[in-house]
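In what follows, a structure is listed as structure tokens, so that the remarks can point back to it.
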Amino acid sequence: MSARRRIEKVLVANRGEIALRVMRTCRELGIRTVAIYSDADRGALHVRHADEAVHVGPSPARESYLAIDRIVAAARATGADAIHPGYGFLSENAAFVRAVEEAGITFIGPPAASMEAMGVKTTARRHMAAAGVPVVPGSPEPIADEAGARAAADALGYPVMIKAAAGGGGKGMKRCERAEELAALWQSAQREAASAFGDDRLYLEKLLLRPRHVEVQIFADEHGGAVWLGERECSVQRRQQKIVEESPSCVLDEPLRRAMGEVAVRAARAVGYRGAGTVEFLVDEGRRFYFLEMNTRLQVEHPVTELCTGLDLVRLQLEVAQGGRVPAQEELVRRGHAIEARVYAEDPERGFLPSPGRIGYLRVPSGPGIRDDGGVFAGAAVTPFYDPLLSKLCAWAPTRDEAIERLHRALGEYAVHGIATNVAYLRDVLRHPAFRSGDYDTGFCQAHAAELLRKPDAAALELAIVAAAIDAVALAPEARRVTVREGTRELAVDVAAAGPGCYDVTVAGGAVRRVDAYRADDDTWSIIEAKASYRLEIDRKDAKRRVHVRGDADAVVPLEISKAE
């Protein structure tokens with residue numbers, strides 16, 4: 001590696017967990033870091049972690065994290081000699097790459113020409129078709145307007161996928177089943193793409209039925225070296241957004257895995273690619289694969305590849321950006337199985353609406369084989385301006401079954417108070433028979449929605465009510481009767497002390513339940529009844545309670561304490 005190419009200071013043009021992820025590797029390498037932040041992120045963890053931080057604008061992304069001139073100016077002002085884009089925002093924007101290079105700053109990623117060739121999805125499809133790689137039928141260019149979209153959809157035949165030409169991550173992507181839905185979905189996808197990428201161009205693809213979504217991680221250097229690092233199965237998706245990813249894929253055997261890896265490397269070489277990239281494929285029921293798109297950046301789910309290969313992909317990005325070489329293909333060894341679950345601030349009980357607010361309490365899992373890439377802390381504000389991803393919780397184990405059990409256990413330890421999350425939903429995904437068998441496709445979440453969004457059973461519901469009432473009495477020791485609202489029901493709950501840590505509880509005039517209740521910490525109760533032990537966590541927000549019944553029930557019960565007297 002040439003000394004003249006040594007990177008001394010990196011500006012990370014992103015936020016949240018990916019900004020922290022990049023900064024941690026930089027720190028290990030002795031490279032100083034610069035954070036950028038908007039008004040909403042003034043107190044964010046990535047700002048606190050960096051060596052320096054620069055304010056780049058108001059909270060909306062288009063005025064801060066998508067403002068090319070301000071970001072380049074921040075790099076110049078701080079003397080940063082390289083910029084890492086993370087993922088999302090400007091990470092696949094060729095105009096940003098050119099602006100960085102024109103400023104004499106190293107862009108940690110592919111050249112602008114490669115990004116234009118593969119980062120714009122329709123251009124990438126043309127390159128792949130010319131190289132003889134099967135592609136999903138679709139429009140060859142971004143579509144100018146809604147009328148053009150209607151004509152293209154009619155030619156392809158419904159159902160179709162509306163997709164953003166300039167980005168990925170499920171943003172600007174809509175499934176359209178019928179012609180009557182097209183106008184509204186097209187407009188919604190345009191708004192979403194413009195907000196996420198600063199580019200509202202869209203195109204259409206024919207929707208394949210029951211496909212698997214499998215992607216291949218590639219790496220290339222400026223010396224002609226290019227390798228594939230294995231695949232990731234990304235078929236657990238909700239509204240086209242990946243939520244659980246694993247490696248290796250259950251659907252691939254070794255010959256198919258090698259064939260897809262070689263095609264991915266050929267794609268990278270065809271456009272003079274450099275750095276980290278991901279070539280995405282759909283695999284049909286006959287195990288035929290079709291090129292979907294190439295993401296010219298580091299992926300959200302890159303940790304599963306790191307866990308299976310032992311490589312630090314951010315470190316490799318930095319080495320390649322300084323003129324280093326990628327490892328030889330025969331040097332790469334993959335071992336074991338890794339799974340990632342994306343923890344979002346969203347409320348499954350309210351249609352997965354984002355759940356902005358302030359995190360009152362945070363407990364992150366740990367233990368053998370567990371990795372949490374998070375970007376928040378207790379006291380942090382989750383704002384409505386950006387993607388509500390809180391963290392990526394990963395597990396590695398020698399086998400798939402062990403990795404599933406390990407991640408399921410870790411999710412059971414995850415606690416976030418003050419906002420709603422999808423943690424219980426993720427646990428239900430991991431224990432679903434279709435997921436456990438490996439026999440699932442991109443329609444998994446929709447096909448099993450009723451099972452994944454199950455209501456708490458009667459036993460878990462009553463246990464939550466008992467715990468909430470005991471907690472209310474503990475907070476107001478003079479109280480003996482608590483009125484608990486559950487949905488449209490109002491229940492009078494009588495609580496009487498029967499000894500130290502022992503209570504007689506009567507719900508709505510029913511039978512008396514004698515329970516032992518011990519507070520493990522301010523928010524957690526251990527309740528023992530008839531020799532059965534339960535752990536319940538209570539998230540308090542004014543009169544509202546979210547009671548998480550841990551264990552096999554693993555239910556989250558929203559309640560309200562309307563009176564304690």
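On the given criteria, is I68 among the aliphatic types (A, V, I, L, M), free of Cβ contacts under 8 Å to residues at least 60 places away in the same chain and crowded, with 16+ Cβ neighbours inside 10 Å?
On the way: among the aliphatic types (A, V, I, L, M): yes; free of Cβ contacts under 8 Å to residues at least 60 places away in the same chain: yes; crowded, with 16+ Cβ neighbours inside 10 Å: yes.
Answer is yes for this residue.
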(message) Go through segment 322-336 and report how many residues are in contact (Cβ under 8 Å) with a residue 60 or more places away in the chain and more than 26 Å from the chain's Cα centre (by Cα).
(response) 9
(message) Of everything in segment 452-462, what is out of contact with any Pro (no Cβ under 9 Å at 6 or more places or on another chain) and either modelled with pLDDT of 90 or more or part of a helix (DSSP H, G or I) (or both)? Give them in sequence order.
(response) A458, A459, A460, L461, E462
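Limited to segment 170-200, what total is found for residues that are out of contact with any strand residue (DSSP E or B) (no Cβ under 7 Å at 6 or more places or on another chain) and in a loop (DSSP other than H, G, I, E, B)?
Taking segment 170-200 as the starting set, the residues that turn out to be out of contact with any strand residue (DSSP E or B) (no Cβ under 7 Å at 6 or more places or on another chain) are 177-181, 183-184, 187, 191-192, 194-196, 198-200.
Remaining after also requiring in a loop (DSSP other than H, G, I, E, B): 177-178, 198-200.
Of the residues in segment 170-200, 5 are out of contact with any strand residue (DSSP E or B) (no Cβ under 7 Å at 6 or more places or on another chain) and in a loop (DSSP other than H, G, I, E, B).
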(request) Considering only segment 516-559, state which residues are part of a strand (DSSP E or B), among the charged types (D, E, K, R) and either under 21 Å from L453 (Cα atoms) or in contact with a Pro (Cβ under 9 Å, 6 or more places away or on another chain) (or both). (result) E537, D539, K544, R545, R546
(message) When you check G367 against the structure, is it free of Cβ contacts under 8 Å to residues at least 12 places away in the same chain, out of contact with any strand residue (DSSP E or B) (no Cβ under 7 Å at 6 or more places or on another chain) and more than 28 Å from I108 (Cβ to Cβ), yes or no?
(response) no
(message) When the residues of segment 404-418 are narrowed to those that are touching a Leu at 6+ places or on another chain (Cβ under 9 Å) and over 30 Å from A381 (Cβ atoms), which ends up surrounded by the fewest Cβ atoms within 10 Å (Cβ to Cβ)?
(response) E405
(request) Check G324 against each of (1) more than 25 Å from M23 (Cβ to Cβ); (2) of a type outside the set (A, V, I, L, M); (3) crowded, with 18+ Cβ neighbours inside 10 Å and name the one condition it does not meet. (result) (1)
(message) Out of everything in segment 506-540 that is touching a helix residue (DSSP H, G or I) at 6+ places or on another chain (Cβ under 7 Å) and β-branched (V, I, T), what residue ends up being nearest to A378 (Cα to Cα)?
(response) I538
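Okay, residues lined up against (1) within 20 Å of Y534 (Cα to Cα); (2) not polar (S, T, N, Q):
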| position | (1), (2) |
| --- | --- |
| P388 | no, yes |
| S391 | no, no |
| P398 | no, yes |
| E402 | no, yes |
| H417 | yes, yes |
| V423 | yes, yes |
| R427 | yes, yes |
| L430 | no, yes |
| P433 | no, yes |
(message) So if I check each of T483, T421, which one is surrounded by fewer than 19 Cβ atoms within 10 Å (Cβ to Cβ) and of a type in the set (V, I, T)?
(response) T483
(message) Whether any residue in segment 97-120 is closer than 25 Å to P211 by Cα and touching a Gly at 6+ places or on another chain (Cβ under 8 Å) is what I want to check.
(response) yes
(request) Please give the number of the condition V279 fails out of (1) under 22 Å from M23 (Cβ atoms); (2) touching a helix residue (DSSP H, G or I) at 6+ places or on another chain (Cβ under 7 Å). (result) (1)
(message) Condition first: in a strand (DSSP E or B) and either under 27 Å from V416 (Cβ atoms) or within 40 Å of the chain's Cα centre (by Cα) (or both). Now tell me which residues in segment 476-506 satisfy that.
(response) V482, T483, V484, R485, E486, R489, E490, L491, V493
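I'd like the full set of residues that are charged (D, E, K, R) and surrounded by 22 or more Cβ atoms within 10 Å (Cβ to Cβ), limited to segment 4-16.
Going through segment 4-16, the residues charged (D, E, K, R) turn out to be 4-6, 8-9, 15.
Passing the criteria: only R15.
Hey, any hits in segment 263-286 for a residue that's outside the structural domain of G88 (by TED's automatic domain parsing) and without any contact (Cβ under 8 Å) to a residue 24 or more places away in the chain?
Of all residues in segment 263-286, those outside the structural domain of G88 (by TED's automatic domain parsing) come to 263-286.
Next, from what is left, pick out any that are without any contact (Cβ under 8 Å) to a residue 24 or more places away in the chain: 286.
Checked segment 263-286: at least one residue is outside the structural domain of G88 (by TED's automatic domain parsing) and without any contact (Cβ under 8 Å) to a residue 24 or more places away in the chain.
The values are calculated or read from the model by the stated rules, or taken from the named source; none is laboratory data. These numbers were taken from a predicted model, which means no experiment stands behind them. Neighbour counts are summed over all protein chains in view; Cβ atoms, including those assigned to glycine, are modelled from backbone coordinates with ideal geometry.
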